[in-house]
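Step one of this worksheet: look at the structure below.
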Amino acid sequence: MLLHFSPTKPLFSPPNLRRNPPISPPRSLRIRAIDAAQIFDYETQLKSEYRKSSALKIAVLGFGNFGQFLSKTLIRHGHDLITHSRSDYSSAASSIGARFFHNPHDLCEQHPDVVLLCTSILSTESVLRSFPFQRLRRSTLFVDVLSVKEFPKTLFLKYLPKEFDILCTHPMFGPESGKHSWSGLPFVYDKVRIGDESSRHERCDKFLKVFESEGCRMVEMSCEEHDKHAAGSQFVTHTMGRVLEKFGVESSPINTKGYETLLDLVENTSSDSFELYYGLFMYNQNALEQLERLDMAFESIKKELFGRLHQVYRKQMFGGGGEGKKTEQKLLNDGVVRVKEESSSSSSS
Ligand code: NAP
């Protein structure tokens, strides 16, 4: 006899326990818990089929600190993660449900929808130069997360086949600052080149949706504009963090709120590799200027302090009268130091 299985009807209806005495099925047709759960299995299966059809296959290139951090969330959003890195991360990958490929050719043979570049800034060009693009589908979406933006954009336009879509992004947080939540954290992106077909736009939006639904503050901005802002904010932040780390700030029994923020700054920046910091300096053309401004600002503060100290000594050595004018120095954006005198408001450079 052929038994037809209907996905919406269970094989056996549960007996009405109130009216009828329990009927035990014939020995040969004994129902086990696993059979009774078939209807739920089917629904779960449908759900997972649906998720699979809307999921992206994402290839993460560079499975270090940041690559692993991002991958966990991408997997949680139902995407299929495959990965490749210079070092062997096969057990780290399998522990979060991703598949690791030792050989980039094998990774490309999986035909991912998206390739997500998470390698260091300094290695970008050598990684791109040796990557077997020819094994990928011609419509692949290439995304990067580098902390500088003009540099990878230029390299992508130079090395990627022109059929590929390009999305340059910078999640402006890391494993430390985004440890508990991504809510309100800035995510900068530039749709550098997305083909006309609606499916290409949908794919790009689906990728961005992960960050949007995690609550990130989505900022669409050109790569050039990003680098200008980032040099004055992120690079300065990292520099101050590293300076304070070298200086050796330590917790004390009388920490003020301000001092606690300095300790947090050191903690946030010290977990990033020096290579990353060096990349922020080397591959953002605005960084050098900001470093020089910082240096000048520090010198100017020192001059202001020593200037006053000098006045006190003079007063002590030569007595009362002739107290010098107190001055305040301010470093302007153009690098000019403006000196403001307290008694009369004249200024000079
Ligand atoms: P990183 O030191 O900038 O990069 C480490 C990654 O680069 C590892 O996956 C490493 O692979 C790979 N790599 C280094 N040299 C390589 C080479 N010569 N050839 C191939 N791969 C090489 O540290 P990260 O924190 O993981 O950052 C990764 C990327 O994310 C960077 O571009 C960074 O700007 C960006 N990002 C980082 C943060 C953050 O908070 N950390 C935030 C936003 C964006 P192996 O480990 O296999 O050697």
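In this rough spin-label picture, where each label sits 7 Å from Cα along the Cβ direction, the Lys179-Glu125 distance is 3.7 nm.
Basic side chains Lys and Arg get +1 at the Cβ, acidic Asp and Glu get -1 at the Cβ, and with that the dipole of segment 129-225 about its Cα centre reaches some 480 debye.
Between the alpha-carbon centers of segment 158-225 and segment 72-125, tell me the distance in whole angstrom. When both Cα centres are located, 17 Å separates them. Between Gln285 and Thr73, the FRET efficiency estimated from the beta carbon spacing at R0 = 45 angstrom works out to 0.90.
Computed over protein heavy atoms with a 1.4 angstrom probe, the accessible surface ordering of Ser94, Ser85, largest first, is Ser94, Ser85.
Sorting Asp106, Asp113, Asp165 by solvent-accessible area of protein heavy atoms yields Asp106, Asp113, Asp165, largest first, with a 1.4 Å probe. Sorted on the mean count of surrounding Cβ atoms within 10 Å across their residues, most packed first, peptides 249-256, 143-150 read 143-150, 249-256.
Among residues other than Asn255 with Cβ under 14 Å from its Cβ, the summed charge is -3 (Lys and Arg +1, Asp and Glu -1). Among residues other than Ser120 with Cβ under 12 Å from its Cβ, the summed charge is -3 (Lys and Arg +1, Asp and Glu -1).
Protein-only accessible surface at a 1.4 angstrom probe places the residues His238, His310 in the order His310, His238, largest first.
A simple spin-label model places the labels of Ser252 and Ile301 1.6 nm from each other, with each point 7 Å out along Cα-to-Cβ. Surface composition of segment 152-222: carbon and sulfur atoms hold 49% of the protein heavy-atom accessible area at a 1.4 Å probe.
The values are calculated or read from the model by the stated rules, or taken from the named source; none is laboratory data. In this text, all values refer to a predicted model and were calculated from it rather than measured experimentally. For neighbour counting, all protein chains shown are included, and Cβ atoms are generated from backbone atoms with ideal geometry for every residue, glycine included. For accessibility, only protein heavy atoms count, side chains too; no ligands or nucleic acids. Shrake-Rupley method; radii C 1.70, N 1.55, O 1.52, S 1.80 Å.
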